[in-house]
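Note sheet for the following structure.
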Amino acid sequence: MSPIDIDPVLAERMALAIRDGFEDYHARFAAITARAQGRFERRQWEAAQRDAVERIGLYDQCIAACMHDLRRLAGEAVGERACWLQVHARYSVLLRGLIDAELYKTFYNTLARRLFGTRGVDVQVEFLAFDVEPSDAITHPVARHAYAVSATRPADALMRVLGDYRFDIPYAHQLRCAAAIAVRLQDDLAHWGAHAVRGIELLDTVFYRERRAYLVGRVFGEHRFSPCVIVLVNDGQGLRADAVLTRRRDVAHLFGVSRSYFQANLATVGDAVVFLRSLLPGKPVDEIYTVLGRAKQGKTERYRAFFGHFLEHPQEQLVHAEGTPGMVMAVFTLPSYPLVFKLIRDRFAWPKAMSRQQVEDKYALVFNLDRVGRLLDAQPYRHLRFPATRFAPALLQELLQHCAQGVRLDGEEVEIALCYVQRRFRPLNLYLREQGPEGIRAAVLDYAQAITDMARNNIFPGDMLPKNFGVSRHGRAVFYDYDELCLVTECVFRDWPAPRNADEALADEPWFHVGPRDVFPERFGPFMGLPAAELAAVREHFGHLFQPAWWRALQDQLTAGAPPDTPPYSREHRLA
């Protein structure tokens, strides 16, 4: 078959095969997600985490299966661009009117890019538009429950809320939960005036993550509305309402880029994204798709939004990101856009002793971990292309000299073989220089809390220096440099031996054998790189971090499959 002699019937069959391939992925994704309720009811936390990892790997499995089907169906024609131009046209027709058409398009794009080894964007073969945000066209209302709230008996409405979401385990005390929720809503929204809460609207779908179930929606007053998330826990004694979140910043954190993905069994996704954006208007659409578990669509939307902005600001250059230059990663950014691009260097400065593949493995590990609000999602992008003129000269020189294994100049464009894209946060070491005493103390204590939260979820950061942490716009510390990250259960936490004589006491180096996985918590102080006053505050409030016995006891819990619980909200949000 010649490149110009394309059978239209074959193109139609290929388009149908791609559509069926996506729908197979969607069905298998839903089947894994549907397990979440049973995991929650039976308190199967480890199994729930395995499900989360399985679901992350599902996309590539289904792409490979669909590619195999296309090769078997089309033979040599599968590699003909002229054939794919016809497939593109027929596939477009199949998607008309679908709420989740963008997800279908991304699946198609992935197949096309892998088949042709696309570098940059092939606008003839792929679906991509920078001038429109596709979710803006979705007007279909997502399925939801609505409740009127009485001024005199608000708990009655909350009893109906809890009764409408069916679980195979009962509430320990449903009326008490309903009353506690009603009181919290009235207290949180008292500034709305008398009879503050007039109505509640919640998505039909229950959201699950880690050890909690979430009823997600909004609460209405007479003239305004606010997000409303009711958090349920299963403590072994029955269901219990644990917290209520009504502030946008708290709900935004729940759906944040440092959180693992929700298990939410949505029949369609685009309409849910539109609803969630009404609750969180400041949150980019790519982050909403991603936190719903649609990471590939999140990458597509992030690419679309960034390059749309990039093209609208043709005079702005890509520059080095602020902060201490990394020994493993070169990092650049577009100052007007809140993303950073991280490239692995060709050689790592001493004392870093690892390979490029080991760095890639660390980032893959983070992708599958429970990030507990303390590790930034890092999305890998391959074969990105930028105009060479858009790089600041010093940045371009560094990338070509020190990241040559993954960067090349191709005519007037720079091609980057692999980079990790993260949300840009203010580096903690710079943030501390800009704050007054109260701000410094709050940031340092949250930094120590971040290390604790990660540890309780089997994550050891390795390099604790503040330059490896960032601060969100809400003042929350997150870790974003993963080249030395490992599991707590992989470490050997040792007591620092007492010197036996004066020579040992004065030695600059350890006088005893130190294994490659040995960690000495008593010596963490210098590795935190904090001024004396701030380090003293950390020792006062987080003394356990410096105690080898605490780490060993935590290892025992983790090995036994009983990690401590880490709620994604502060104590003030918990119900009495």
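The values are calculated or read from the model by the stated rules, or taken from the named source; none is laboratory data. Bear in mind the structure is a predicted one, so any value in this text is a computation, not a measurement. We place every Cβ from the backbone using ideal geometry, glycine too, and count neighbours over all the protein chains shown.
A few points about this structure:
- Looking at R35, R55, R13, R28, just one residue is basic (K, R), buried (at least 18 other Cβ atoms within 10 Å of the Cβ) and out of contact with any Asp or Glu (no Cβ under 7 Å at 6 or more places or on another chain), and that residue is R55.
- Selection status of V478, outside the structural domain of Y363 (by TED's automatic domain parsing), of a type outside the set (S, T, N, Q) and touching a residue at least 60 places away in the same chain (Cβ under 8 Å): yes
- Residue match in the stretch 348-357 (condition: in a loop (DSSP other than H, G, I, E, B) and charged (D, E, K, R)): yes
Condition check ((1) surrounded by 17 or more Cβ atoms within 10 Å (Cβ to Cβ); (2) under 28 Å from G439 (Cα atoms)) across all residues:
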{"site": "D518", "(1), (2)": "no, no"}
{"site": "L535", "(1), (2)": "yes, yes"}
{"site": "R539", "(1), (2)": "no, yes"}
{"site": "L545", "(1), (2)": "yes, yes"}
{"site": "W551", "(1), (2)": "yes, no"}
{"site": "Q555", "(1), (2)": "yes, no"}
{"site": "A560", "(1), (2)": "no, no"}
{"site": "P563", "(1), (2)": "yes, no"}
{"site": "Y569", "(1), (2)": "yes, yes"}
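- Any hit, the stretch 99-117, residues being hydrophobic (A, V, I, L, M, F, W, C) and more than 32 Å from the chain's Cα centre (by Cα): no
- Test result for P281, more than 30 Å from F348 (Cβ to Cβ), surrounded by fewer than 18 Cβ atoms within 10 Å (Cβ to Cβ) and in the same structural domain as L202 (by TED's automatic domain parsing): yes
- Among the conditions (1) hydrophobic (A, V, I, L, M, F, W, C); (2) in contact with an Asp or Glu (Cβ under 7 Å, 6 or more places away or on another chain); (3) under 29 Å from Y108 (Cβ atoms), the only one that F167 does not satisfy is (3).
- Filter result for L365 (assigned to a helix (DSSP H, G or I), of a type in the set (A, V, I, L, M, F, W, C) and either more than 18 Å from Y303 (Cβ to Cβ) or free of Cβ contacts under 8 Å to residues at least 60 places away in the same chain (or both)): yes
- Unmet criterion (only one of (1) within 26 Å of N468 (Cβ to Cβ); (2) surrounded by 15 or more Cβ atoms within 10 Å (Cβ to Cβ); (3) not hydrophobic (A, V, I, L, M, F, W, C)) for E509: (2)
- Considering the stretch 232-258, and only residues there that are surrounded by 22 or more Cβ atoms within 10 Å (Cβ to Cβ) and β-branched (V, I, T), the residue that is nearest to F425 (Cα to Cα) turns out to be V257.
- Filtered residue count, the stretch 428-447, keeping only those that are assigned to a helix (DSSP H, G or I) and either touching a Cys at 6+ places or on another chain (Cβ under 7 Å) or more than 17 Å from Y480 (Cβ to Cβ) (or both): 10
- Where A349 falls short, out of the listed (1) at pLDDT 95 or above; (2) farther than 24 Å from N458 by Cα; (3) among the hydrophobic types (A, V, I, L, M, F, W, C): (1)
- Boolean, A178 is assigned to a strand (DSSP E or B) and surrounded by 18 or more Cβ atoms within 10 Å (Cβ to Cβ): no
- Answer residue from the stretch 482-506, given it is in contact with a Gly (Cβ under 8 Å, 6 or more places away or on another chain) and of a type in the set (A, V, I, L, M) and is surrounded by the fewest Cβ atoms within 10 Å (Cβ to Cβ) among those: V492
- Enumeration of residues in the stretch 117-149 that are loosely packed, with under 15 Cβ neighbours inside 10 Å and at pLDDT 85 or above: P141, A143, A146, A148
- Residue within the stretch 78-98 that is of a type in the set (F, W, Y), more than 31 Å from the chain's Cα centre (by Cα) and not assigned by TED's automatic domain parsing to the domain that holds A196 present: yes
- Restricted to strands (runs of 3 or more DSSP E) entirely inside the stretch 212-265, those with at least 1 residues that are in contact with a Gly (Cβ under 7 Å, 6 or more places away or on another chain) are 212-220, 225-234.
- Output for the stretch 204-254, where each listed residue is among the β-branched types (V, I, T) and either in contact with a Ser or Thr (Cβ under 6 Å, 6 or more places away or on another chain) or at positive phi (or both): V219, T246
- Selection from the stretch 528-573 of residues that are closer than 30 Å to C177 by Cβ, touching a residue at least 60 places away in the same chain (Cβ under 8 Å) and either of a type in the set (A, V, I, L, M, F, W, C) or not in a loop (DSSP other than H, G, I, E, B) (or both): H573
- The set of residues in the stretch 522-576 that are over 15 Å from D453 (Cα atoms) and of a type in the set (D, E) comprises E522, E534, E540, D556, E572.
- Residues of the stretch 76-91 that are exposed (fewer than 15 other Cβ atoms within 10 Å of the Cβ) and at pLDDT 90 or above: L85, A89.
- Qualifying residue in the stretch 44-64 (condition: in contact with a helix residue (DSSP H, G or I) (Cβ under 7 Å, 6 or more places away or on another chain), basic (K, R) and closer than 23 Å to A267 by Cβ): yes
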